[in-house]
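To keep things clear, I will list the structure first and then write my remarks on it.
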Amino acid sequence: MEDAIAYAASYAQSIAPVRTGYYRDNIGYEKVGDFEFCLYAGAPYSMFVEYGTMPSPGRYVPAIDRRLINPDLPGFGMHPGTPAQYILTQAMDINESAIEAAIESGIDKAIDP
């Protein structure tokens, strides 16, 4: 099972977007129980990479007490949002058969020592 989840983590790192490498370098896994593992992305912004962001109005500027938008220009000052990339989801989906095989193997070993 650990080999299958390690491969999923490796695959996630291989498809992760790289600007600085921080997100990719913080993808890993840990054992959390006898037969439980957790695949994670440890960067603070990992949720936004995985699930994307919604469009949002321009930045708030305290000095003028307003957001940076221009009503005369549609969309000016709007952040368009970012699309979801589902890095960890893809890694688990692609390795689903290997993970299931590892679970079945573990069950077989437990039943027939």
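Structure data summary
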| read-out | value |
| --- | --- |
| Residue count for the stretch 46-65, restricted to those that are assigned to a strand (DSSP E or B) and either surrounded by 12 or more Cβ atoms within 10 Å (Cβ to Cβ) or at pLDDT 95 or above (or both) | 2 |
| Those residues of the stretch 22-45 which are farther than 19 Å from residue 95 by Cβ, out of contact with any strand residue (DSSP E or B) (no Cβ under 8 Å at 6 or more places or on another chain) and surrounded by 11 or more Cβ atoms within 10 Å (Cβ to Cβ), in sequence order | 22, 25, 43, 45 |
| Output for the stretch 66-106, where each listed residue is at pLDDT 85 or above and either exposed (fewer than 12 other Cβ atoms within 10 Å of the Cβ) or of a type in the set (Asp, Glu) (or both) | 83, 93, 96, 97, 100, 104 |
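Residue by residue, here is whether (1) farther than 15 Å from residue 98 by Cβ; (2) part of a strand (DSSP E or B); (3) not hydrophobic (A, V, I, L, M, F, W, C) holds:
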| position | (1), (2), (3) |
| --- | --- |
| 8 | no, no, no |
| 14 | yes, no, yes |
| 17 | yes, no, yes |
| 24 | yes, no, yes |
| 33 | yes, no, yes |
| 40 | yes, yes, yes |
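The values are calculated or read from the model by the stated rules, or taken from the named source; none is laboratory data. Since this is a predicted model, take the numbers as computed values, not measurements. When we count neighbours, we look across all protein chains shown, and the Cβ atoms used for this are built from the backbone with ideal geometry, even at glycine.
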